[in-house]
1. Being polar (S, T, N, Q) and under 20 Å from Ser148 (Cα atoms) is the filter here, so list the residues in region 165-198 that pass it.
2. Got at least one residue in region 24-37 being among the basic types (Lys, Arg), open to solvent by 50 Å² or more (accessible area, probe 1.4 Å) and part of a loop (DSSP other than H, G, I, E, B)?
3. How many of the residues making up region 105-123 are touching a strand residue (DSSP E or B) at 6+ places or on another chain (Cβ under 9 Å) and either in a helix (DSSP H, G or I) or open to solvent by 20 Å² or more (accessible area, probe 1.4 Å) (or both)?
4. Could you grab the pairs with beta carbons closer than 8 Å, sequence gap of 6+ or different chains, first residue in region 106-121 and farther than 19 Å from Ile174 by Cβ and without any contact (Cβ under 8 Å) to a residue 60 or more places away in the chain, second one open to solvent by less than 10 Å² (accessible area, probe 1.4 Å) and part of a helix (DSSP H, G or I)?
5. Can you confirm whether Gly68 is part of a strand (DSSP E or B), without any contact (Cβ under 8 Å) to a residue 40 or more places away in the chain and surrounded by 20 or more Cβ atoms within 10 Å (Cβ to Cβ)?
6. Out of the residues in region 50-65 meeting the condition of being under 18 Å from the mean Cα position of the chain (by Cα) and not in a loop (DSSP other than H, G, I, E, B), tell me which one is nearest to Ala40 (Cα to Cα).
7. Applying the selection to region 66-88, what residues are over 27 Å from Leu16 (Cβ atoms) and hydrophobic (A, V, I, L, M, F, W, C)?
Amino acid sequence: MAFRGKRPEHGGPPELFYDKNEARKYVRNSRMIDVQTKMAGRALELLYLPEGQPCYLLDIGCGSGLSGDYLSDEGHYWVGIDISPAMLDAALDRDTEGDLLLGDMGQGIPFKPGSFDGCVSISAIQWLCNANKKSDIPAKRLYCFFSSLYSVLVRGARAVLQLYPENSEQLELITTQATKAGFTGGVVVDFPNSAKAKKFYLCLFSGPSTFLPKPLNESNDDDEEVQESEFTRERQGGSPLSRGLSGPGRCLPRRVLYRMARRGIVRKSREWVLGKKARRRRQGEDVRPDTRYTGRKRRPRF
């Protein structure tokens, strides 16, 4: 949905992918620094924190501390957690002002209840959707993460998680587990019609559901379709993603607006079936081997 080439999380666990060479890019590559800083600024904007009041924030997947530096520049205090020792070493070398913690977010957030006024995360949550070993169950790891995140936030606080969902099914998996953990909120999609600038932000509320921020668009026309989704803890007619998107005066099917990365592939064709089986294998599920008969249309029986 966001990556045209091979997605980083398909190459192995994050603690191995983000090695010293990868960490060096987040320190020296001006383009990566600029992109990370802009996304951190947008996430902080979506938190809607009180103006002029320093807050204590959690940065999940803090990496080399680029997003944390932006939080510090805005006058906030923060704690960062990341699974990659190399990225945290890079953050220490840069003398970031926040406190750093080595940890796996899929095993929960190890802080006391009500510790933080808000939470941001840049390009991290989609890593929980992949099973890197047999004991990893994406749904359970996501629920463990969201339930612990709900606990460490002050009631009424927000969490804004920027992510790159692979497809609509993965986005549904993430939002379903967030809902089970007690969150309300929705997905804000900035620049939905742009292949490069398109960004997904999962906005979560740890209290009564409030207004969902409007996405950024290249055009601000009133009649332009706004791409944002809302979900609540009430189970009304299925999962959060099956109840449609909120648009200007109407509801549209969610899967129409969240286009699948496999766009152009005919549903239930051989290519479609092989892609679905490959995703199930990456999530640690038992899947039958591929054969020449996989996806083959069967003749009707009389």
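The values are calculated or read from the model by the stated rules, or taken from the named source; none is laboratory data. From a predicted model like this one, the values you see are computed outputs, not experimental measurements. Cβ sites come from the backbone with ideal geometry, for glycine too, and all protein chains shown count toward neighbours. Accessible surface is based on the protein model in full, side chains and every heavy atom, while ligands, DNA and RNA are left aside. Shrake-Rupley method; radii C 1.70, N 1.55, O 1.52, S 1.80 Å.
1. Residues satisfying the conditions are Thr175, Thr176, Gln177, Thr179, Thr184.
2. From region 24-37, those among the basic types (Lys, Arg) are 24-25, 28, 31; that's our starting set.
Checking which are open to solvent by 50 Å² or more (accessible area, probe 1.4 Å) leaves us with 24-25, 28, 31.
Applying the additional criterion that residues be part of a loop (DSSP other than H, G, I, E, B) yields none.
No; the residues of region 24-37 include none that is among the basic types (Lys, Arg), open to solvent by 50 Å² or more (accessible area, probe 1.4 Å) and part of a loop (DSSP other than H, G, I, E, B).
3. Narrowing region 105-123 to residues touching a strand residue (DSSP E or B) at 6+ places or on another chain (Cβ under 9 Å): 105, 109-111, 113-123.
Cutting the leftovers down to either in a helix (DSSP H, G or I) or open to solvent by 20 Å² or more (accessible area, probe 1.4 Å) (or both) gives us 105, 110-111, 113-115, 117, 123.
Within region 105-123, residues that are touching a strand residue (DSSP E or B) at 6+ places or on another chain (Cβ under 9 Å) and either in a helix (DSSP H, G or I) or open to solvent by 20 Å² or more (accessible area, probe 1.4 Å) (or both) number 8.
4. Phe111/Val152; Lys112/Val152; Pro113/Val152; Gly114/Val152; Ser115/Val152
5. no
6. Asp59
7. Scanning region 66-88 gives a single hit, Leu71.
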